[in-house]
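Chemist: Before anything else, here's the structure in question.
The values are calculated or read from the model by the stated rules, or taken from the named source; none is laboratory data. Note that the structure is a prediction, hence the values are computed from the model and not measured. A quick note on method: Cβ atoms are made from the backbone with ideal geometry, for glycine too, and the neighbour counts reach across all protein chains shown. Side chains are part of the model used for accessible areas, which takes the heavy atoms of the whole protein and leaves out ligands, DNA and RNA. Shrake-Rupley method; radii C 1.70, N 1.55, O 1.52, S 1.80 Å.
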4 protein chains.
Amino acid sequence: MLIIMHPAASKEQIENVLAAIERQNLTAHLIQGVEQTVIGAVGDSHSIGKEVFEILPGVAAVTRISQPYKLASRQFHPKNSIFPLDGFSIGGEEIAIIAGPCSVESREQLLQTALAVRQAGANALRGGVFKPRTSPYVFQGLGEEGLEYLAEAREQTGMPVIAEVMSVAQVELMVKYVDVLQVGARNMQNFSLLRAIGETRIPVLLKRGMSATIEELLMASEYILSGGNQRVMLCERGIRTFEIATRNTTDINAIPVLKSLTHLPVLLDPSHSTGFSEFVASVAKAGVAAGADGLIIEVHNDPANALSDGRQSLTPEKFAVLVKQVKAVAEAVERRLAPIVH
Amino acid sequence: MLIIMHPAASKEQIENVLAAIERQNLTAHLIQGVEQTVIGAVGDSHSIGKEVFEILPGVAAVTRISQPYKLASRQFHPKNSIFPLDGFSIGGEEIAIIAGPCSVESREQLLQTALAVRQAGANALRGGVFKPRTSPYVFQGLGEEGLEYLAEAREQTGMPVIAEVMSVAQVELMVKYVDVLQVGARNMQNFSLLRAIGETRIPVLLKRGMSATIEELLMASEYILSGGNQRVMLCERGIRTFEIATRNTTDINAIPVLKSLTHLPVLLDPSHSTGFSEFVASVAKAGVAAGADGLIIEVHNDPANALSDGRQSLTPEKFAVLVKQVKAVAEAVERRLAPIVH
Amino acid sequence: MLIIMHPAASKEQIENVLAAIERQNLTAHLIQGVEQTVIGAVGDSHSIGKEVFEILPGVAAVTRISQPYKLASRQFHPKNSIFPLDGFSIGGEEIAIIAGPCSVESREQLLQTALAVRQAGANALRGGVFKPRTSPYVFQGLGEEGLEYLAEAREQTGMPVIAEVMSVAQVELMVKYVDVLQVGARNMQNFSLLRAIGETRIPVLLKRGMSATIEELLMASEYILSGGNQRVMLCERGIRTFEIATRNTTDINAIPVLKSLTHLPVLLDPSHSTGFSEFVASVAKAGVAAGADGLIIEVHNDPANALSDGRQSLTPEKFAVLVKQVKAVAEAVERRLAPIVH
Amino acid sequence: MLIIMHPAASKEQIENVLAAIERQNLTAHLIQGVEQTVIGAVGDSHSIGKEVFEILPGVAAVTRISQPYKLASRQFHPKNSIFPLDGFSIGGEEIAIIAGPCSVESREQLLQTALAVRQAGANALRGGVFKPRTSPYVFQGLGEEGLEYLAEAREQTGMPVIAEVMSVAQVELMVKYVDVLQVGARNMQNFSLLRAIGETRIPVLLKRGMSATIEELLMASEYILSGGNQRVMLCERGIRTFEIATRNTTDINAIPVLKSLTHLPVLLDPSHSTGFSEFVASVAKAGVAAGADGLIIEVHNDPANALSDGRQSLTPEKFAVLVKQVKAVAEAVERRLAPIVH
């Protein structure tokens, strides 16, 4: 860490900082500048908060040099992490496509959609059963009944299933039914939930919070990894900005940035990151061109009657077109789509 | 709701929308524009999601006219809600000041700080025992031990105590110890937690998420209110913007906007909304001048040795100066500080 | 336009709005809601500001239904605008690549870079001669001397040249030397400059302001188009958000959104939108996959000695790799790179 | 400056950086960390861009320690700058209130409003004659005719007048008519304009760009100051964020932050920073409580018929109430309103 002193910091304040550095078992290096002094604190500091130094009298600012995350970092684990799922893997050369409805609404809706997305080229099935809704007055998901339909859909299609977990209390139930737990954007910093998932051994899809920095996303993954659960996939799903033409702003930069910082697989959710079905295919292609390891896409057998997020859902027909287009782009960047289960 | 059709929408698509409006027991009104058609859907629509219409073929956009929240709205409850606490009340003419350390770190630290802030003019004591920390490697709070210290501090000072709850599992424990539950910014849309708190009858301080809109904050309060818990206080604590000179950007506009939209009390947390102790007093005064009903401020008996957020904590001496300054501003806007307990 | 009245609006206030609508030669349509009244104002309103109605007593909000821009809109001009330049065209099936240094620093630097980018596959040469720099104390560009080098580079390479114009006073000079005028992000709403350029007949590359909405970008283009200059190209160059891992956030959504709203060509500048040379190729590919009509990329023959923006400049070698990769993606989305001049 | 090397930087790359530091006449200090090396570059570096080092091979990041501005900084000029205007001064203990219409629309409108705001307590008159409008199709200001009305209003009321300058070509004309030139948010980084104003000796009100950082605002002022024009006043006018309940987000933090960094006077424009007349008074009071040296407020004798920004304009009656409220807050923070001219 670099500790930048105020121009007016006294000799005593500087010595006080040097003593604090020593107490943390770090080594101090002094740079006497023209206007101010900078002190480097050298040693393993990933478990030391910046505030330890920030609050010392005379300190103007503290800059962390090394990354505050460790298990997620590419420095710690240089090769890509590759997680096998049923019949395919995520994080390697193959690009996986997860598709399905925003919410599981009925047995029929789910099974129809599941068969349709499998036929169109999906590798896994998504479907929410506990729904985080802004309003308490609208449809909140089918709960355990929905989990049973997901299990049935897996049986019928052979595809692994993924659903969002919203609280610690749901974890135990959900791991019985689903292959991958999703942590939604609103819960990215629900640290109790992250710790509980860290204690399971089920793969996790961790979505970036709508105003979380890339570093905070990696720190959230560190909560899960440090619990011993190694199979974390990260997902860019759009961030909140001033632009109102789309529901969110797809941070496409995040894809190559994450791939450079971490060994974990990186997916893109172009349905949420745009919010409009007509822009999903363009942004899905962009994600794969930028280096994403997978896509998660909302598809509904009848979007006009969806109980949530219908505006951004694709019909199975449009999804099939998207898969073909994504396949061409994947090959252009020397990758390939994951094989479809049968 | 207003349903704006695409310029190219067909007659059939318009009729389809009219039928959907009828199915929702709303009444349709047609406006035939030069370029496009707009359809008004009149009736009680607060429990109908916009997506019901957004996904219909030919629909360009849907605008909600009436507010999506009800119990929180000033239309529903025109007078200010006033909640009595020990010896004072929040939401009326009195301005309450809640102060204390970011984290409860030890019995001694808490009791010293509690006595100091009471003497300086605080009405209630804050102190975190379960801490939401970005990194899993740093101090996470004392847990139940900290709650015991809070109870002891209340005993000794007579001040009500407030602490943050991070998960549904903690609610039962915490209501035994604290007078007010705080929901932190990162949990503002942790809907499981909001529902659980809605079922208690303990006052709640609900902090705005760092990228939550004012409407989303009101919708989050609606989750608690609709469970039957009427005593929700809202708290602006800074939003995330591009500006990096401060930790967050205090959305001072939010205070008069919230006061116009809701009957619930509105507080400001200038410690988090600025992130630097030297700016806290200026922004605290601004908050009261803008109409806030209270302040929540971090004070530490020894900020230089705080285990978290020391950079934004005031010493008891600086806090005492702040209280005097805030008192003068409160009187300038024809209010008064809440009386101090003895 | 839709005029939404306050719930408490009086009958007189509603009549006042109806009269105001009539004065603007629009026709009024009344929707009597349960809580409030909405009034549609039908007719050609693109030259009527929303504020005409917003400030009337009793009005809660005004929503514009039709687009506030006209000449730029796809409704007005359904087919793509295609602008021929030397040996290629922008806006059709071909994807154009503009490359060159951030600043023209010397004759040698420019000519070397120009030859290198042409060989690597660029279609046009960029190079700044008047530089908008945050600090008044750093290199501000070579001015007219730089324009002469650009002209010489065009002579030697056959490529059209593009440079940024910063003020009305420079327009006359620059049109003598360059083939395309660039309006930078900081000047996107320099309306005096836009009007001056609207009076020329030289093609323009209009960059999106760093916090401009897509609609504001289109309105800025409308200033130029309404002056009679039809050849406006739009350029996404990253927007300002809370994310600090990259210099800007590439709004990749803007590309399909703009292509749906306007007939004007849409380019992407991945150098500024990322700010780091190592992410430029990934985002360039994403832009083409998302539907961009061209790219503008910073290339420097010796980035380590560049006088500005070296951190985001590619070497000619890396640029040559990028062109090959972009070519593959272009073909995957059924387009092709523009032919290189000889 | 601190130059942070990549963990994998070679010995040769480090030596290369050391040589570059020497070439800039700075002195290098090496800190050998566990994972990476940091090099301090000590000396006067305010005229050296960070990019000089950022682009060197092996460099991960460069952090500037000293401020990139000099003439604007409080380190360079510790005491507040106080600028006398007609009968009052800005930057000292007095708080100045500038008021008037968004646009000068007619002689009668301006004179009526001018007399009304003087009577209500304004110290200076504002009024736009060249208007930066998003749309080319709406009212763009009266131009020189408007300047004549401003001069007449000054004659009649004794108040100094302020108007926005939009281009270099207007500077010469405007300095003949107005007492203070305003640079609008959209032109904050119109560097040609800033330089031209730097060469005049007329006071300037420099508004913060809607997505400009506090540092960029100070750098923009540095352009004017370095031209020799010392009388620059800064103005917070709201920044662009995700919040849509108000037109902009008032960055109230910016006021104490600016007061700590610079000696220049700092004003607040609550009309633009909120966008709704009903919130202007609350935020005006907040600004003064936070330490602002003045306010600039839109007042229109007949807001319902204003040609621009009527939604945020106050009537003279409401403005008079605001002045009284602001006076009370000013006194609560131990300041006073500037005396009114007679």
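Chemist: Can you tell me which condition residue B:148 does not meet? The list is (1) more than 25 Å from residue B:95 (Cα to Cα); (2) open to solvent by 20 Å² or more (accessible area, probe 1.4 Å); (3) within 14 Å of chain A (Cβ to nearest Cβ), and all the others hold.
Modeler: (3)
Chemist: Kindly indicate the residue of the range C:313-342 that is among the β-branched types (Val, Ile, Thr) and at pLDDT below 95 and also nearest to residue C:93 (Cα to Cα) among those meeting that condition.
Modeler: First, the residues of the range C:313-342 that are among the β-branched types (Val, Ile, Thr): C:315, C:321, C:323, C:326, C:329, C:333, C:340-341.
The next check asks that each one be at pLDDT below 95; those that pass are C:315, C:340-341.
On the way: C:315: 28, C:340: 15, C:341: 17 Å.
So the residue we want is C:340.
Chemist: Considering the range D:178-213 alone, what residues qualify as being within 11 Å of chain C (Cβ to nearest Cβ), in contact with a Phe, Trp or Tyr (Cβ under 9 Å, 6 or more places away or on another chain) and within 21 Å of residue D:160 (Cβ to Cβ)?
Modeler: D:198
Chemist: Given the residues A:189, A:156, A:170, which is the only one that is part of a loop (DSSP other than H, G, I, E, B) and either open to solvent by less than 20 Å² (accessible area, probe 1.4 Å) or not aliphatic (A, V, I, L, M) (or both)?
Modeler: A:189
Chemist: Taking the range B:27-56 as the search range and keeping residues that are within 33 Å of the chain's Cα centre (by Cα), modelled with pLDDT of 85 or more and more than 7 Å from every other protein chain (Cβ to nearest Cβ), which one is nearest to residue C:3 (Cα to Cα)?
Modeler: For the range B:27-56, the residue satisfying everything is B:41.
Chemist: Follow-up question, since we're still on this one. Give just the number: which of (1) within 17 Å of the chain's Cα centre (by Cα); (2) of a type in the set (Val, Ile, Thr); (3) over 27 Å from residue C:153 (Cβ atoms) does residue C:202 not satisfy?
Modeler: For residue C:202, the exception is condition (3).
Chemist: Let me ask another. Grab the helices (runs of 4 or more DSSP H) fully contained in the range A:4-122, keeping just those with 1 or more residues being assigned by TED's automatic domain parsing to the domain that holds residue A:270, hydrophobic (A, V, I, L, M, F, W, C) and surrounded by 20 or more Cβ atoms within 10 Å (Cβ to Cβ).
Modeler: Result: A:107-120.
Chemist: How many residues does the range C:227-240 contain that are open to solvent by 10 Å² or more (accessible area, probe 1.4 Å) and touching a residue at least 60 places away in the same chain (Cβ under 8 Å)?
Modeler: 2
Chemist: Which condition does residue B:224 not pass, out of (1) surrounded by 24 or more Cβ atoms within 10 Å (Cβ to Cβ); (2) farther than 19 Å from residue B:271 by Cβ; (3) within 8 Å of chain A (Cβ to nearest Cβ), if it passes all the others?
Modeler: With (1) surrounded by 24 or more Cβ atoms within 10 Å (Cβ to Cβ); (2) farther than 19 Å from residue B:271 by Cβ; (3) within 8 Å of chain A (Cβ to nearest Cβ) applied to residue B:224, the lone miss is (3).
Chemist: For the range C:261-286, what are the residues that are of a type in the set (Ser, Thr, Tyr), facing chain A (nearest Cβ under 8 Å) and open to solvent by less than 10 Å² (accessible area, probe 1.4 Å)?
Modeler: Answer for the range C:261-286, where residues must be of a type in the set (Ser, Thr, Tyr), facing chain A (nearest Cβ under 8 Å) and open to solvent by less than 10 Å² (accessible area, probe 1.4 Å): C:273, C:274.
Chemist: Oh, and also: Given the conditions (1) open to solvent by 10 Å² or more (accessible area, probe 1.4 Å); (2) within 14 Å of chain B (Cβ to nearest Cβ), which single one is not true for residue A:334?
Modeler: Exception for residue A:334: condition (2).
Chemist: Inside the range B:241-252, can you point out the residues that are under 19 Å from residue B:207 (Cβ atoms), facing chain D (nearest Cβ under 7 Å) and surrounded by fewer than 24 Cβ atoms within 10 Å (Cβ to Cβ)?
Modeler: Scanning the range B:241-252 gives a single hit, B:246.
Chemist: Follow-up. Is the range B:248-258 home to any residue that is of a type outside the set (A, V, I, L, M), out of contact with any Pro (no Cβ under 8 Å at 6 or more places or on another chain) and more than 24 Å from residue D:275 (Cβ to Cβ)?
Modeler: The answer is no; no qualifying residue exists.
Chemist: Among what's in the range B:287-301 and is free of Cβ contacts under 8 Å to residues at least 60 places away in the same chain and touching a Pro at 6+ places or on another chain (Cβ under 8 Å), pick the residue that is farthest from the other protein chains (Cβ to nearest Cβ).
Modeler: B:287
Chemist: Is it the case that the range D:300-316 has a residue that's open to solvent by less than 10 Å² (accessible area, probe 1.4 Å) and farther than 21 Å from residue C:59 by Cβ?
Modeler: No, the conditions are met nowhere in the range D:300-316.
Chemist: Among (1) more than 20 Å from residue A:137 (Cα to Cα); (2) in a helix (DSSP H, G or I); (3) within 12 Å of another protein chain (Cβ to nearest Cβ); (4) free of Cβ contacts under 8 Å to residues at least 60 places away in the same chain, where does residue B:175 come up short?
Modeler: (3)
Chemist: Then there is this: Among the numbered conditions (1) among the acidic types (Asp, Glu); (2) within 8 Å of another protein chain (Cβ to nearest Cβ); (3) open to solvent by less than 10 Å² (accessible area, probe 1.4 Å), tell me where residue D:216 comes up short.
Modeler: The failed condition is (3).
Chemist: May I pose another question? Right, residue A:255: crowded, with 22+ Cβ neighbours inside 10 Å, in contact with a strand residue (DSSP E or B) (Cβ under 7 Å, 6 or more places away or on another chain) and more than 12 Å from chain B (Cβ to nearest Cβ) or not?
Modeler: Against the criterion (crowded, with 22+ Cβ neighbours inside 10 Å, in contact with a strand residue (DSSP E or B) (Cβ under 7 Å, 6 or more places away or on another chain) and more than 12 Å from chain B (Cβ to nearest Cβ)), residue A:255 qualifies.
Residues checked against (1) touching a strand residue (DSSP E or B) at 6+ places or on another chain (Cβ under 9 Å); (2) of a type in the set (S, T, N, Q); (3) in contact (Cβ under 8 Å) with a residue 24 or more places away in the chain:
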site	(1), (2), (3)
A:141	yes, no, yes
A:146	yes, no, yes
A:157	yes, yes, yes
A:164	yes, no, yes
A:167	no, yes, yes
A:182	yes, yes, yes
